[in-house]
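Let me begin by presenting the structure, written as structure tokens, before commenting on it.
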There are 2 protein chains.
Amino acid sequence: MNTLTVDLGTRSYRIYIGQSLLGKAELLQKYITGKQVMVVSNETVAPLYLKDVLGMLAGFETATVILPDGEQYKNLDTLNTIFSALLENRFNRDCTLVALGGGVVGDITGFAAASYQRGVSFLQIPTTLLAQVDSSVGGKTGVNHPQGKNMIGAFHQPRCVLIDTNTLDTLDDRQLAAGLAEVIKYGLIHDAGFFAWLEANMDALKARDKQALAYAIERSCTIKAEIVAADERENGKRALLNLGHTFGHAIETCTGYGSWLHGEAVATGMLMAADLSARHGWLQPESVKRAEQLLQLAGLPTTPPDSMSEAQFRELMSIDKKVIGGKLRLVLLKNMGEAIVTGDFRQDLLSETLNMAGKNA
Amino acid sequence: MNTLTVDLGTRSYRIYIGQSLLGKAELLQKYITGKQVMVVSNETVAPLYLKDVLGMLAGFETATVILPDGEQYKNLDTLNTIFSALLENRFNRDCTLVALGGGVVGDITGFAAASYQRGVSFLQIPTTLLAQVDSSVGGKTGVNHPQGKNMIGAFHQPRCVLIDTNTLDTLDDRQLAAGLAEVIKYGLIHDAGFFAWLEANMDALKARDKQALAYAIERSCTIKAEIVAADERENGKRALLNLGHTFGHAIETCTGYGSWLHGEAVATGMLMAADLSARHGWLQPESVKRAEQLLQLAGLPTTPPDSMSEAQFRELMSIDKKVIGGKLRLVLLKNMGEAIVTGDFRQDLLSETLNMAGKNA
């Protein structure tokens, strides 16, 4: 088992990574406040792992909420079902929420914990690769609005994160690939060496080699933890983690939440960011090619849907959270392993990138 | 004009109290971040003061949301109308929300500001006495759930509070009385001298004497600011501000939000707390009598609805935010001007208090 610490002062917490952690009750129990524990999961994950998790909670007063599975349910209505369950079970301000599932379960449970009685404890047990390397680290919680992804939420840090790599055995190939998109992101924005390692080990990752997966998860979490520790509330550097997300969120919102997986939209968005960077002469065409090949090797899409027009992209991108003073800023690449947030890009070149789909069609 | 500071480190802010402040654009403008300002008000207050407030925002990109008036609309659905308006107007993370209205508008707008894009700036212009002395100070924001008052929310401090005492001219008598309940609370929990001043000046307050009102508001805000500065997130002393609220919230939830005004429910709840304190021998019967007389002089109810049973009270009180480890704690009085939070009260005496209505009927 490996242990990482996300260093956030009084809100610091540990991430445990290893096999068969779901059997280790003491890991979970020492972070529980109060006696009441609500486990929130979804209809796909609950049949697989809920029993194990409840088994770790012997002696506590437990209750469960099972959400429908999918990004399209990450909204205020689903959030309210958690509040209703908490109130029906008379859960008090010293209760603990446990998120058992992927990014949607984690984000919505975290926001429920941030808002219930103005804030209660929560723990994360991410069961998808994407949640393990991304949404479980850094305390971003929230739900979608029909007009914008993750537009409603809070920063609320978990008290611990338990990553049992065995849970990846039950993940379908498409979900695994979606997680690999975020793993590749860390190489692109921060660590050219890790990117090269991914190129050399993508076959092993896709074959679910446990050692390779554990290393990729640990390296990803370490990079994210470093960046978050430097800028918890995203006033600066943390925005780099959003490589590909401005384009990707627009794709997710436009195509209807759940149609494209988050990781798939981010994969395409990252290639669009790389493309735009190359058009400015900041990134070598060779690096764009490497990114495209690695994403495709992982089984990810790299061109936006044909149906999306430049106008639709621009409309949806105008409410991105990185907009300041009405000016859109994008995460772009200066080099392999080196990202910047900038509003100084050329509109004509952005238009060319936004029309990538048409060109590829 | 008087100025108070709520001392909360980097989240400190100022409260301006005086006549005709709505004409002083510079007071508001220096606290606005970005260029986009959303004014949230309700159908009662907007026709009276929205024009003045928009007049203070010349040069900014403004939009407005007008909510229906009443506690029954303080819910997630109404909250979502604010998010929709923000997104329709393409408001970004550097926008500012302004709450113009009473406690409901302030609480819901504050929670919208806490949650939109995970947190944007907000300013308070409270137009009811209750909002001026209570909900505008301390950063408690949120909405109700059908099963519990203020069960969903966040701590989110405003960047400034503008209290224009002229707005009290348009307040109806019942709303004025509801505000006086919270004013009397500060005397009961913290300042016997202020309580005596209120006894001597209640007639002037009810006659809307501007000087008396300004003094009552300033003294109330000062006491609340002191308590909040010592315990922003209510881990201790801040709970004292909840005198009467555990009983009061149960009345509000049981009778349907909006039937009893918050201040009316708190008035009755405070007398129930005083009654229970006296039954333990902690408070002199003489003090209970003084509290009852002052509340009644203010025009407030002091007995719970006949329709509420002890069982209903106990059921609703069991999800109070002050419950720890399954144990209900109440704010009770040890003396005039001296409150405590305690779980050490006798259940048989609580039963007697909860049956006050029957006894009075």
The condition from (1) more than 14 Å from every other protein chain (Cβ to nearest Cβ); (2) surrounded by fewer than 23 Cβ atoms within 10 Å (Cβ to Cβ) that A:PHE122 misses is numbered (2)
Given the condition of a type in the set (D, E, K, R), within 18 Å of the chain's Cα centre (by Cα) and under 16 Å from B:LYS322 (Cα atoms), answer yes or no: does some residue in region B:235-242 qualify? yes
Could you tell me whether region B:293-310 includes any residue that is in contact with a strand residue (DSSP E or B) (Cβ under 7 Å, 6 or more places away or on another chain), crowded, with 19+ Cβ neighbours inside 10 Å and at pLDDT 95 or above? no
Among the listed residues A:SER121, A:SER115, A:SER135, which satisfies the condition of being under 14 Å from the mean Cα position of the chain (by Cα) and in the same structural domain as A:THR33 (by TED's automatic domain parsing)? A:SER135
Reported set for region A:288-326 where residues are without any contact (Cβ under 8 Å) to a residue 12 or more places away in the chain, part of a helix (DSSP H, G or I) and aliphatic (A, V, I, L, M) is A:ALA311
Taking region B:91-118 and the residues there that are touching a helix residue (DSSP H, G or I) at 6+ places or on another chain (Cβ under 7 Å) and free of Cβ contacts under 8 Å to residues at least 40 places away in the same chain, the one that is surrounded by the most Cβ atoms within 10 Å (Cβ to Cβ) would be B:GLY106
Could you please give the count of residues in region B:60-73 that are under 22 Å from the mean Cα position of the chain (by Cα) and within 14 Å of chain A (Cβ to nearest Cβ)? 0
Among the residues of region A:303-323, are any among the hydroxyl-bearing types (Ser, Thr, Tyr) and touching a Lys or Arg at 6+ places or on another chain (Cβ under 8 Å)? yes
Has region B:174-191 got any residue that is surrounded by fewer than 20 Cβ atoms within 10 Å (Cβ to Cβ), in a helix (DSSP H, G or I), under 17 Å from the mean Cα position of the chain (by Cα) and of a type in the set (Lys, Arg)? yes
Just give me the residues in region A:78-92 being touching a Phe, Trp or Tyr at 6+ places or on another chain (Cβ under 7 Å) and more than 7 Å from chain B (Cβ to nearest Cβ), in sequence order. A:LEU79, A:LEU86
Output the residues belonging to region A:20-41 that are surrounded by fewer than 16 Cβ atoms within 10 Å (Cβ to Cβ), over 22 Å from B:VAL323 (Cα atoms) and not small (Gly, Ala, Ser). A:LYS24, A:GLU26
Quick check on region A:270-280. Is at least one of its residues over 30 Å from A:ALA207 (Cα atoms), buried (at least 18 other Cβ atoms within 10 Å of the Cβ) and within 14 Å of another protein chain (Cβ to nearest Cβ)? no
What strands (runs of 3 or more DSSP E) completely inside region B:83-162 contain at least 2 residues that are among the polar types (S, T, N, Q) and modelled with pLDDT of 95 or more? B:121-126, B:140-145
Enumeration of residues in region A:325-349 that are closer than 19 Å to A:GLY187 by Cβ and within 14 Å of another protein chain (Cβ to nearest Cβ): A:VAL341
In region A:327-361, residue modelled with the lowest pLDDT [restricted to those that are of a type in the set (Lys, Arg) and out of contact with any Gly (no Cβ under 6 Å at 6 or more places or on another chain)]: A:LYS359
Only one of A:VAL39, A:VAL53, A:VAL133, A:VAL98 is away from chain B (no Cβ under 14 Å), of a type in the set (Val, Ile, Thr) and under 26 Å from A:ALA230 (Cβ atoms), namely A:VAL133
Test B:THR44 against the criterion of being away from chain A (no Cβ under 14 Å), buried (at least 18 other Cβ atoms within 10 Å of the Cβ) and polar (S, T, N, Q), and give yes or no. yes
Inspect all residues belonging to region B:243-256 and state whether any of them is among the hydrophobic types (A, V, I, L, M, F, W, C), touching a Phe, Trp or Tyr at 6+ places or on another chain (Cβ under 9 Å), in a helix (DSSP H, G or I) and surrounded by fewer than 22 Cβ atoms within 10 Å (Cβ to Cβ). yes
Subset of region A:136-159 (residues that are away from every other protein chain (no Cβ under 14 Å), surrounded by 23 or more Cβ atoms within 10 Å (Cβ to Cβ) and in contact with a Phe, Trp or Tyr (Cβ under 6 Å, 6 or more places away or on another chain)): A:PRO158
Any hit, region A:261-272, residues being without any contact (Cβ under 8 Å) to a residue 24 or more places away in the chain, in contact with an Asp or Glu (Cβ under 6 Å, 6 or more places away or on another chain), under 27 Å from A:TYR73 (Cβ atoms) and part of a helix (DSSP H, G or I): yes
Restricting attention to region B:10-19, and to residues there that are farther than 29 Å from B:PRO68 by Cβ and away from chain A (no Cβ under 14 Å), which single residue is surrounded by the most Cβ atoms within 10 Å (Cβ to Cβ)? B:GLY18
Kindly list, by first and then second residue, each pair from a residue in region A:35-63 that is within 24 Å of A:THR170 (Cα to Cα) to a residue that is modelled with pLDDT of 95 or more and among the aromatic types (Phe, Trp, Tyr), limited to pairs with Cβ atoms under 8 Å and residues at least 6 apart or on different chains. A:MET38/A:PHE91; A:SER41/A:TYR49
Just a yes or no: is a residue in region A:49-63 at positive phi and crowded, with 17+ Cβ neighbours inside 10 Å? no
Can you tell me how many residues within region A:311-321 are within 14 Å of chain B (Cβ to nearest Cβ), out of contact with any strand residue (DSSP E or B) (no Cβ under 7 Å at 6 or more places or on another chain) and not small (Gly, Ala, Ser)? 6
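The values are calculated or read from the model by the stated rules, or taken from the named source; none is laboratory data. This is a predicted model, so every value here is computed, not measured. Cβ: placed from backbone, ideal geometry, glycine included. Neighbour counts: every protein chain shown.
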